[in-house]
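Novice: One structure follows; several queries about it will come next.
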Amino acid sequence: MGNGTQLGKVRGLGAAGGGIVHHWWVQRVTAVANLFLVLWFVLSLVRLPSLDYGSTILWLRQPLVAVPMCLLIVTVFWHFRLGVQVMLEDYLHGSKRVIAMLALNFYTFALAALALFSVLKVALGTAA
Amino acid sequence: MASRPIAPPPRPLSPHLTIWKWRVHMAVSILNRVTGHALAFGAVLIFAWWLAALASGPEYFRFYQSIVVSPFGALVGIGLTWAMFMHMGMGIRHFIMDAGEGFDLVTSRRTAWAAIIFGVIATALLWGIILLGKGL
């Protein structure tokens, strides 16, 4: 609650109880992570001899590939989930916004689960 | 004599895209949101499908490739790559502005153009490597 000054008393007591600052900050943190992880991902794919099934699987199976891939999935999905939320808050109101936010959450979590499970299945699975 | 109640004048609306004169700073701001959403609902979907196809085995992966690897697929790929590099460039510009720098008109215009040029050149480079280097 701050140190008793007027500013201290209201700090973090906005409409979202401080959630806005957290939203803004996490979007920046995930943006920095995305910058490095997406560059790593693109350069890694370019350096692969071929993008066919065999060479991609061999690549994805390595721990130092599977782990950054899982991190990339988390940061990319988290980042776009926050970005789309801002768009929905700008353009939709009332019950439409609630439904759209629910749909966004389902979309994000279902697809993230699929992506993470797929990486783990390839990385932890026995060699085919 | 009772005068008819006058309807209150309509509330002023915030000016939108149709009102403002187009400037490059405005274009990158709008493009940042547009490309972000293209990535969220386009690239992310294909990315997750690619991973699921890899996890499903060679047979399903061939089916995935038969749809994705095509002239139309390359066109979508180039578009989404451009969206990704644009979003990346404009995101870096955003970091600079989040730090409180680059708000004066000249710098703001320069960084906006730099983000656009970065997006185009990086896309051309990457697809040049893909198409000329080793094919799809």
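Only the coordinates and a few stated rules stand behind these numbers; no lab work does. What you see is a predicted model, and the numbers here were worked out from it, not measured in a lab. Using ideal geometry, Cβ is built from the backbone for each residue, glycine included, and neighbour counts are taken over all protein chains shown.
Novice: For chain B, return all DSSP H helices satisfying: extent of Cα atoms along own axis at least 30 Å; mean Kyte-Doolittle hydropathy at least 1.0.
Specialist: B:105-128
Novice: What's the average, rounded to a whole number, of partner chain beta-carbon atoms within 10 Å of each residue's beta-carbon in A:51-63?
Specialist: 3
Novice: In percent, what relative contact order does chain A have, based on Cα pairs under 8 Å that are 6 or more apart in sequence?
Specialist: Normalised by residue count, the contact order of chain A is 26 percent.
Novice: Would you list A:44, A:50 from fewest to most Cβ contacts within 10 Å?
Specialist: So the ranking, lowest neighbour count to highest, is A:50, A:44.
Novice: Once you have the alpha carbon radius of gyration of the stretch B:1-76, what is it after dividing by 2.2 N^0.38 Å, with N set to its residue count?
Specialist: Against the empirical 2.2 N^0.38 Å value, I get 2.17 for the stretch B:1-76.
Novice: Once the Cα gyration tensor of the protein assembly as shown is diagonalised, what are the square roots of 5 times its eigenvalues, in whole Å and ordered largest first, as equivalent ellipsoid semi-axes?
Specialist: One finds semi-axes of 40, 23, 21 Å for the protein assembly as shown.
Novice: Please compute the Kirkwood hydrodynamic radius of chain B from all pairs of different C-alpha atoms, in Å with one decimal.
Specialist: This gives a value of 18.3 Å.
Novice: If you don't mind, another one. State the extension gain, in nm to one decimal, for the chain segment bounded by residue A:7 and residue A:113, taking 0.36 nm per residue of separation less the distance between their alpha-carbons.
Specialist: 34.0 nm
Novice: Taking a quarter of the surface of the Cα convex hull of the stretch A:21-123, what do you get in nm²?
Specialist: 7.5
Novice: Subtracting the Cα-Cα distance from 0.36 nm times the residue separation, let me have the gained length for residue B:124 to residue B:11 in nm, one decimal.
Specialist: Residue separation times 0.36 nm, minus the Cα-Cα distance, leaves 35.9 nm.
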